[in-house]
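Read the structure below first, then the notes.
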Amino acid sequence: MAVSDHVDLQGFMDGVKKRNPGENEFHQAVYEVAQYIFDYIKDKEIYHEHQILRRIAEPDRVVSFRVCWEDDNGNVRVQRGYRVQNNNAIGPYKGGLRFHPSVNQSILKFLAFEQTFKNSLTGLPMGGGKGGSDFNPKGKSDNEVMRFCQSFMTELYRHVGVDVDVPAGDIGVGAREIGYMFGQYKRITNQYTGVLTGKGLEYGGSLVRTEATGYGAVYFLEDMLKQAGTAIEGKKAIISGSGNVATHAAEKILHRGGIPLTLSDSEGFIYDPSGITQEKLDWVKELKTIKRGRISEYASQFKGSEFHKGKRPWIVEADLALPCATQNEISTDEAKVMISNGIKAISEGANMPTEQDGIHAFLDAKVLFGPSKAANAGGVAVSGLEITQNLQRLSWTSEDLQKQLKSIMHSIHDQCVEYGKENNENFVDYVKGANLAGFIKVANAMIAYGVV
Ligand code: NDP
């Protein structure tokens, strides 16, 4: 009898913790999936025989490397770079690169693990990976960012490739960084291939990629509300972050007649009681992507709005919440405040932004809860479409891509309903649905390959 037959969830998690000491974010991500899978596979011998849970919680490989670069004052600086190739059972590794001082192996392993199930949900042939560095692009000149990106790619290029691993952007990695890395890859290999996604439109990027994660999170929210017989129109939304995902989530909320009230960054949040309009949002996009300013400047620019230093937006009363900044940004206590303030639905734009007990509190209170691996899959879905366009040497229209994005988000929603609807209950546990639907495809592919 297989070993996993003898362990319960706690025993399994004890093993994960022992093998990955100190990697708390990774433990958290594995637990979120395992708590549902244990029950699902309990009477399915094939998954036990193949030790699927044990294997799925072990990345294919973790590469870490030194990245040296020179700052504008001629000082040599040393950073650590990583690429976690988690699982390529259903396609080449795919997942973003994050440049942020908080980056470490645990965070990238959790992100790569999550990415594997997210990519499976999209229905596109993509495995899961993630990478990045503890480099902080904030406050650096363009030349410093360029030198860092070139040095980072000088090692990373050995591990990636269009049929191997196709990275993209994430926190701290936007069009500028992707441009520098793509340029360096092209220079080193003398190949013009779609090795990165999120590229500029002039050199193989896809329309709708920039908007896809934020828009997709709102399409998912819309589908959850529709399933529950309601809609976004007229509802107030609290949103965290002020980067790519947050600003595009706010924009789509506006398109649907909702009222975005907040945005944030790592210094605090702004609250605009009269609502963040498209004009104000355009100002924020310029502030964050071109001027590289801070969200606190919003309060000086727009009368009647407030900046709350060192706080997060979850204390503001609203119907909808879109956490779009970073992991564990909604604590269990904050979740309870949101519930008592009457929150109706959450769609996670960021990866794993809600603490585990916070998720349980939302589910117990029957708040509609769209977990990140489902709700924010729109970004990687359009990245997948960027790969296809690059392989065909074609560019699809914005209308085409919007249509495909919507249809992928609908399909993810439907898979979550299929696996997450409790017997005889109307309430859908989207966390359970996303975890089961994402897992089954990857696990069955792994079984087909035998013991590898
Ligand atoms: P950006 O770098 O564009 O923006 C990140 C935003 O989050 C900034 O406002 C940043 O503030 C804030 N933030 C970052 N770290 C923290 C922190 N520790 N505490 C508070 N605020 C923080 O990143 P994205 O918008 O691309 O990514 C946001 C989230 O969405 C991440 O979790 C990412 O993994 C996830 N995601 C992104 C996808 C994409 O397509 N871009 C795809 C799927 C998921 P500051 O400027 O102060 O750092």
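Per-structure values
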item: Restricting segment 259-277 to residues that are of a type in the set (S, T, N, Q) and touching a helix residue (DSSP H, G or I) at 6+ places or on another chain (Cβ under 8 Å), the residue that is surrounded by the fewest Cβ atoms within 10 Å (Cβ to Cβ); result: Thr277
item: Conditions (1) farther than 26 Å from Glu422 by Cβ; (2) open to solvent by less than 30 Å² (accessible area, probe 1.4 Å); (3) more than 16 Å from the ligand (Cβ to nearest atom); number of the one not met by Leu363; result: (1)
item: Residue within segment 285-298 that is open to solvent by less than 70 Å² (accessible area, probe 1.4 Å) and away from the ligand (no atom under 14 Å from the Cβ) present; result: no
item: Total residues in segment 179-194, condition crowded, with 24+ Cβ neighbours inside 10 Å and of a type in the set (A, V, I, L, M); result: 1
item: Any chance Leu225 is open to solvent by 20 Å² or more (accessible area, probe 1.4 Å) and more than 13 Å from the ligand (Cβ to nearest atom); result: no
item: Selection count, segment 268-284, where residues are within 11 Å of the ligand (Cβ to nearest atom) and closer than 15 Å to His248 by Cα; result: 1
item: Complete set of residues in segment 304-323 that are open to solvent by 70 Å² or more (accessible area, probe 1.4 Å) and either without any contact (Cβ under 8 Å) to a residue 12 or more places away in the chain or part of a strand (DSSP E or B) (or both); result: Glu306, Lys309
item: Near pairs, Cβ below 7 angstrom, 6+ apart or cross-chain, from segment 261-272 (on the phi > 0 side of the Ramachandran plot) to any residue that is assigned to a loop (DSSP other than H, G, I, E, B) and more than 9 Å from the ligand (Cβ to nearest atom); result: Gly268/Ser296; Gly268/Gly310; Gly268/Lys311
item: Contacts under 8 angstrom Cβ, first residue in segment 168-183 being farther than 14 Å from Arg209 by Cβ and away from the ligand (no atom under 11 Å from the Cβ), partner at pLDDT 95 or above and among the aromatic types (Phe, Trp, Tyr), 6 or more apart; result: Met181/Phe152
item: Given (1) under 17 Å from Lys130 (Cα atoms); (2) within 16 Å of the ligand (Cβ to nearest atom); (3) part of a loop (DSSP other than H, G, I, E, B), index of the condition Gly205 fails; result: (1)
item: Odd one out for Asp282, checked against (1) surrounded by 18 or more Cβ atoms within 10 Å (Cβ to Cβ); (2) out of contact with any Lys or Arg (no Cβ under 8 Å at 6 or more places or on another chain); (3) among the charged types (D, E, K, R); result: (1)
item: Single unsatisfied condition, Asp364 versus (1) at positive phi; (2) among the charged types (D, E, K, R); (3) over 23 Å from the mean Cα position of the chain (by Cα); result: (1)
item: Residue satisfying condition, being modelled with pLDDT of 95 or more, assigned by TED's automatic domain parsing to the domain that holds Gly243, in a helix (DSSP H, G or I) and open to solvent by 60 Å² or more (accessible area, probe 1.4 Å), within set Asp414, Asp357; result: Asp357
item: Failed item in (1) within 12 Å of the ligand (Cβ to nearest atom); (2) assigned to a helix (DSSP H, G or I), with Val337 passing the rest; result: (1)
item: Residue within segment 423-441 that is farther than 30 Å from Trp314 by Cα and surrounded by fewer than 16 Cβ atoms within 10 Å (Cβ to Cβ) present; result: yes
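The values are calculated or read from the model by the stated rules, or taken from the named source; none is laboratory data. Keep in mind it's a predicted model, so treat the numbers as computed, not measured. Every residue, glycine among them, receives a Cβ derived from its backbone with ideal geometry; neighbour counts consider all protein chains shown. We work out accessible area using only protein heavy atoms, side chains counted, and drop any ligands, DNA or RNA first. Shrake-Rupley method; radii C 1.70, N 1.55, O 1.52, S 1.80 Å.
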